[in-house]
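Peer 1: This is the structure, below, for whatever I ask next.
The values are calculated or read from the model by the stated rules, or taken from the named source; none is laboratory data. Computed from a predicted structure; not experimentally measured. A quick note on method: Cβ atoms are made from the backbone with ideal geometry, for glycine too, and the neighbour counts reach across all protein chains shown. All accessible areas refer to the heavy atoms of the entire protein, side chains included, with ligands and DNA or RNA removed. Shrake-Rupley method; radii C 1.70, N 1.55, O 1.52, S 1.80 Å.
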Amino acid sequence: PDPSPRPAGYDLVVEGLSFAYPEAGGGPGVPALQDVSFAVRQGEVVAIVGPSGAGKSTLVSLLLRFWEYETGRILLGGHDLRAYRADDARALIGVVAQQTHLFNTTLRENLLLARPDATGEQIAAAVRGARLDGFIAGLPQGYDTPVGEQGLALSGGERQRVAIARALLKDAP
């Protein structure tokens with residue numbers, strides 16, 4: 001019921017963060033993250049890398065408020081992440097996952113999912129930033145090219161670049 005706080009900038013600080021997915025019986029499970037700390041200043045770009053099971057997806061799920069963390073804290077713009085409504089927190093963060101979902105429609109419509117009111121120039125800028133412009137220019141239908149179910153008309157790299165362009169078009173701080 002309360003409005004989300006107004007962020008004082010967009011620095012992200014994670015301090016002593018631990019999280020375990022609940023067991024089937026409701027008890028705490030094996031920790032997926034344990035005592036994680038880092039800071040990302042506004043404007044910095046960070047890649048989270050590591051082996052399977054290291055907690056990368058869990059961290060993203062916590063940042064997007066799909067799960068609530070147990071110990072430690074996450075600060076976004078100087079406020080605890082839990083002070084933001086989930087939708088408001090998600091609007092502030094852009095994520096490009098390894099597996100991306102594309103709908104059985106055109107490239108343009110898949111891009112506009114990130115920002116339905118985007119102008120043609122905003123779309124073109126995001127596509128240039130994702131280095132997808134040359135590929136699209138070579139398509140007979142350009143932005144109006146259908147991508148097929150799950151984007152199967154595109155290569156894996158092209159699908160990933162569409163996801164990057166979508167994140168750039170979202171323009172999350």
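Peer 1: Just to check your reading of the model, which residue among 73, 131 is of a type in the set (D, E, K, R) and part of a loop (DSSP other than H, G, I, E, B)?
Peer 2: Numbers: 73 fails: part of a loop (DSSP other than H, G, I, E, B).
Being of a type in the set (D, E, K, R) and part of a loop (DSSP other than H, G, I, E, B) holds for just one of 73, 131, which is 131.
Peer 1: Can you name the residue in region 76-120 that is among the acidic types (Asp, Glu) and out of contact with any strand residue (DSSP E or B) (no Cβ under 9 Å at 6 or more places or on another chain) and, of all such residues, is farthest from residue 151 (Cα to Cα)?
Peer 2: Here the residue is 88.
Peer 1: For residues in region 9-32 being more than 20 Å from residue 66 (Cβ to Cβ) and at pLDDT below 90, which is least open to solvent (accessible area, probe 1.4 Å)?
Peer 2: That would be 27.
Peer 1: Any idea which of 121, 109 is exposed (fewer than 12 other Cβ atoms within 10 Å of the Cβ), at pLDDT 95 or above and not in a loop (DSSP other than H, G, I, E, B)?
Peer 2: Residue meeting the stated conditions: 121.
Peer 1: Any chance you could count how many residues in region 137-158 are assigned to a helix (DSSP H, G or I) and surrounded by fewer than 20 Cβ atoms within 10 Å (Cβ to Cβ)?
Peer 2: So the answer is 9.
Peer 1: Please work out if residue 65 is open to solvent by 60 Å² or more (accessible area, probe 1.4 Å), among the charged types (D, E, K, R) and touching a residue at least 24 places away in the same chain (Cβ under 8 Å).
Peer 2: No.
Residues are listed down the side, and each one gets a yes or a no for (1) surrounded by 12 or more Cβ atoms within 10 Å (Cβ to Cβ); (2) basic (Lys, Arg); (3) at pLDDT below 95; (4) closer than 25 Å to residue 160 by Cβ:
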position	(1), (2), (3), (4)
39	yes, no, no, no
44	no, no, yes, yes
52	no, no, yes, yes
71	yes, no, yes, no
89	yes, no, yes, yes
